[in-house]
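The values are calculated or read from the model by the stated rules, or taken from the named source; none is laboratory data. Since the model is a prediction, treat every value here as computed from it, not as a measurement. Here the Cβ positions follow ideal geometry from the backbone for every residue, glycine too, while neighbour counts run over all protein chains shown. Note: accessible area is taken over every heavy atom of the protein model, side chains too, but ligands, DNA and RNA are not part of it. Shrake-Rupley method; radii C 1.70, N 1.55, O 1.52, S 1.80 Å.
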Protein chains: 2
Amino acid sequence: MPTVNVALGERAYSIHIGRGLLSDAAYLPARLSGQAVAVVSNETVAPLYLQTVQESLRAAGARPFAIVLPDGEAYKNWQTLNRIFDALAERHCERGSTLVALGGGVIGDMGGFAAACYQRGMPFIQMPTTLLAQVDSSVGGKTAINHPLGKNMIGAFHQPSLVLIDIDTLSTLPRRELSAGMAEVIKYGLIRDADFFCWLEANMQKLMARDQTLLAEAIYRACRHKAEIVAADEREQGARALLNLGHTFGHAIETGLGYGVWLHGEAVAAGMLMAARLSMQLGWLPLADVERIERLLLAAELPVRAPEMGAERYLQLMRHDKKVHNGRLRLILLESLGKAVISDAVHEAEIARAIQG
Amino acid sequence: MPTVNVALGERAYSIHIGRGLLSDAAYLPARLSGQAVAVVSNETVAPLYLQTVQESLRAAGARPFAIVLPDGEAYKNWQTLNRIFDALAERHCERGSTLVALGGGVIGDMGGFAAACYQRGMPFIQMPTTLLAQVDSSVGGKTAINHPLGKNMIGAFHQPSLVLIDIDTLSTLPRRELSAGMAEVIKYGLIRDADFFCWLEANMQKLMARDQTLLAEAIYRACRHKAEIVAADEREQGARALLNLGHTFGHAIETGLGYGVWLHGEAVAAGMLMAARLSMQLGWLPLADVERIERLLLAAELPVRAPEMGAERYLQLMRHDKKVHNGRLRLILLESLGKAVISDAVHEAEIARAIQG
């Protein structure tokens, strides 16, 4: 079974990728034995996988209990977070208890943030069930909730102790969410691996048909990229910011339309194309490459046209994003296909042009 | 001016102790120039020192703005924390902006936790204005808010970038709060410095008369102890737990009576005496030493009798505290006067006897 190691010294951990992992107690750490384990999930995922995970935990000697939350980005807020804290406190969870986040990106981010804050930090395990969470949010320790004025504004860096990616969960994933996850897969090709981009161009049709072998390969390659980037820059002081390609535009879309109207991956897809167009305006990327990116996104059934909100509204929302530095917008752009760079030197009028597309 | 360095590698920082520090821009870091700085304070402290601090910040080239919260432990909760987040987001604060916590332990803990979470972490400066905050909570990076089921249940380890202790602020401190802070000063003598305990016995009368020279000396010695302990064990995996002498009993008092009825330091004082009595029951501490501790606490005008709540209620509240490990109460006890140890081997019946006094 493919395993990726995230080399973070005393916070190092493994990402296991394979089939049937949720039902196999062998992948769970021995220290769970005798411990209370909170399984945080949502109303969509719990009916599918909660029982399986609880049985594995019991087989590992743990005492699992469930915290089932409403599903959706709209619930990634204080109120829902507090429901996790209440349940942990009522069950007398301790610093040594473990939290399992079983679900997509919202559950992983919010469960992870709860684990970061409860008693100033408890261990947690990521069991991502969406492609997006598997290739992106479950790896790297970024946890957060949303604030009315900005996405992921309140959060922490808190690394999981283990990530279990069970490919079987993708069989129940709605097609729209498969596409949304594919946006983040494509991102790795764009920012640092032109070969992977070509591989995705060649295989996107089969990937969208859920070919298990190819999906496992894509997830493995994506996780390896993410692990390398995170190991080099855990707290996003430098190169980790490249992972935000398309995200400043994307967050503006998500916030502007209201969380959950567009999926995160959909907003990132449209945002990546805006970043590509801006890179072309700056003379870095040829039109042919912008068109290749657009074609690959379309093959992954992703939106390539951002919603109409007016350039000024976009800029206003982008200024609220975390990627502002000394008052200047800091964007991730493409120097070439497969090589991203950080830039805070682009004039806002130029950005507005790319937005208007 | 005495300075204590907290040796935490890339998170190292200085604690400056002296008079007139709040009105002196020279102690502020150069990187504040041109930056937005949020000064978090409360309705009691703001009228006394907010203007002074804002003028110093302006003199250092920063753009300060104030977030003034209601005063008291009862407000150390989500609702108040969200007021800080709202203000930071409305003012477009970035990861590079700085938060200043100007006030006592509640402001320091809550301001620090806001800084830990806002955009996953922004720098913050502690300007503690109570003796308790100066000798304890402002140093070491423990930040938190309360949960209805337990004190400081939700929080983070987030080190300040600087601590400025202006002794002049003690002139406006209510006498009851001077006493409460003195409980934490006495604690350092009890857990690791018998000499300091003797020095406090000799000087308590003058300290309570606010002798500036002696207060500066006491704060310096307390901060040096705290800095040494934190540098050796930042995240409370081991020896840092010794700082919790009296705190498990104390938190039970605070939670049992409702936050704010007893001051934290008062609860710790009564709790330390309970721990001393328990240590005596175990045959570690002679009665004469328990009596010396009681006399010193009384000289600092601190309560030495815990409120009547019944031993079972105490134990129930203590089981909810963060200091539970594998389901056993973990207490800090005194092997001798000046030497604390961690123990999770004490039978609950024995603890109940110490509670009944």
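Using only Cα atoms and rounding to the nearest 10 degrees, what angle (0 to 90) does helix A:264-281 make with the longest principal axis of chain A?
Taking the Cα atoms of chain A, the angle to A:264-281 is about 30 degrees.
Putting +1 on Lys and Arg Cβ atoms and -1 on Asp and Glu Cβ atoms, find which of B:MET153, B:LEU287, B:SER343 reaches farthest to the positive end of the dipole of chain B.
B:MET153
What is the spin-label model distance, in nm, from A:MET1 to B:ASP344 if the labels are put 7 Å beyond Cα along the C-beta direction?
2.9 nm
Give me log10 I(q)/I(0) at q = 0.08, 0.09, 0.12 Å⁻¹ for the protein assembly as shown, Debye formula, one equal scatterer per alpha-carbon, no solvent.
-0.66, -0.81, -1.27
Ignoring any ligand, DNA or RNA, what whole percent of the accessible area of the protein assembly as shown comes from carbon and sulfur when the probe is 1.4 angstrom? Don't jump to the answer; show the numbers that get you there.
On the way: 12370 of 25210 Å².
C and S fraction of accessible area: 49 percent.
Nearest 20 debye, what's the magnitude of the dipole of the protein assembly as shown about its Cα centre given +1 on Lys and Arg Cβ and -1 on Asp and Glu Cβ?
Numbers: 70 positive and 74 negative charges, 45 e Å.
Dipole magnitude for the protein assembly as shown comes out near 220 debye.
Considering the options A:ILE332, A:ALA62, A:GLY72, tell which one lies farthest towards the positive end of the dipole of chain A, charges being +1 on Lys and Arg and -1 on Asp and Glu at the Cβ, about the Cα centre.
Working it through, the farthest residue towards the positive pole turns out to be A:ALA62.
If you put a point 7 Å past Cα along the Cβ direction, how far is that point for B:ASP211 from the same point in each other copy, in nm, smallest first?
Shortest to longest, the spacings are 8.4 nm.
Report the normalised scattering of chain A as log10 I(q)/I(0) at q = 0.12 Å⁻¹, calculated by the Debye formula with identical scatterers on the alpha carbons.
-0.82
Pull out a ≥ b ≥ c, the square roots of the eigenvalues of the alpha-carbon gyration tensor of the range B:3-172, then state rounded if a/c is under 1.5, prolate if not and a/b is larger than b/c, and oblate in the remaining case. Before the final figure, lay out the partial values.
Numbers: a/c = 1.27, a/b = 1.18, b/c = 1.07.
The shape class here is rounded.
Using alpha carbons only, how many degrees (0 to 90, rounded to 10) separate the axis of helix A:287-299 from the longest principal axis of chain A?
40 degrees
Among the listed pairs A:LYS76/A:LYS142; A:LYS142/B:LYS226; A:LYS76/A:LYS339; A:LYS142/A:LYS226; A:LYS142/B:LYS142; A:LYS142/B:LYS151, give every one whose C-alpha distance is greater than 23 Å.
On the way: A:LYS76/A:LYS142 14 Å; A:LYS142/B:LYS226 30 Å; A:LYS76/A:LYS339 32 Å; A:LYS142/A:LYS226 12 Å; A:LYS142/B:LYS142 20 Å; A:LYS142/B:LYS151 26 Å.
Correct reply: A:LYS142/B:LYS226; A:LYS76/A:LYS339; A:LYS142/B:LYS151.
Could you give, in nm with one decimal, how far B:LEU298 is from each other copy of that position, shortest first, with labels 7 Å out from Cα toward Cβ?
8.8
Only helical DSSP H runs with n ≥ 4 go in: add -39500 (n - 2.57) per run for chain B, normalise by residue count and round the 222 nm mean residue ellipticity to 500 deg cm²/dmol. Don't jump to the answer; show the numbers that get you there.
Values: 11 runs with 149 residues, N = 357.
Result for chain B: -13500 deg cm²/dmol, rounded to the nearest 500.
Let me have the relative contact order for the range A:128-178, percent, based on Cα pairs under 8 Å that are six or more residues apart.
Working: 59 pairs, mean separation 22.3, N = 51.
Averaging sequence separation for qualifying contacts and normalising by length gives 44 percent for the range A:128-178.
With a Cα-only, solvent-free Debye model of the range A:175-356, what are the log10 I(q)/I(0) values at q = 0.11, 0.12, 0.13 Å⁻¹?
-0.43, -0.52, -0.61
Can you give me the accessible area per residue for the range A:120-273, using a 1.4 Å probe, in Å²?
On the way: 4120 Å² over 154 residues.
Each residue of the range A:120-273 exposes 27 Å² on average to a 1.4 Å probe.
Could you give the dipole magnitude of chain A about its Cα centre, charging the beta-carbon of Lys and Arg +1 and that of Asp and Glu -1, in debye to the nearest 20? Present the calculation step by step, with values, prior to reporting the outcome.
Working: 35 positive and 37 negative charges, 101 e Å.
So the magnitude is around 480 debye.
Please check which bits of the range A:103-136 a label hung off A:THR172 would reach, taking the label as a point 7 Å along Cα-to-C-beta and the cut-off as backbone N under 19 Å.
Once the point is set 7 Å along Cα→Cβ of A:THR172, A:103-109, A:111, A:126-135 turn out to lie under 19 Å by backbone N, inside the range A:103-136.
For the range B:34-83, report the accessible area per residue in Å² (1.4 Å probe, heavy atoms, rounded to an integer).
Heavy-atom accessible area per residue stands at 42 Å².
What's the buried accessible area, both sides, between B and A using a 1.4 Å probe, rounded to 100 Å²?
It comes to approximately 3200 Å² buried between B and A.
Provide a list, ordered by number, of residues in the range A:113-132 showing at least 20 Å² less accessible area with every protein chain present than when their chain is taken on its own, using a 1.4 Å probe.
A:CYS117, A:TYR118, A:GLN119, A:ARG120
Helix A:175-192 against the longest principal axis of chain A: what's the angle in degrees, Cα atoms only, rounded to the nearest 10?
Approximately 60 degrees, to the nearest 10.
How much solvent-accessible surface does A:SER33 expose, in Å² to the nearest 10, with a 1.4 Å probe and all protein chains in place?
Number for this one is 70 Å².
Starting from a label point 7 Å past Cα on the Cβ side, list the distances from B:GLY72 to the same position in the other copies, nm, shortest first.
3.8
Please give the solvent-accessible surface of A:VAL341 in Å², to the nearest 10, using a probe radius of 1.4 Å with every protein chain present.
Accessible area of A:VAL341: about 30 Å².
So which residues in the range A:76-108 end up with at least 10 square angstrom less accessible surface once the other protein chains are there, compared with the chain by itself, probe 1.4 angstrom?
Buried on complex formation: A:TRP78, A:ASN82, A:PHE85, A:ASP86, A:ALA89, A:GLU90, A:HIS92, A:GLU94, A:ARG95.
Under a point spin-label approximation (7 Å from Cα along Cα-to-Cβ), what is the B:SER33-A:ASP195 distance to one decimal in nm?
That separation, rounded to one decimal, is 4.8 nm.
Give me the inter-chain shielding for B:153-163: mean count of other chain Cβ atoms within 10 Å, whole number please.
The shielding value for this peptide is 3.
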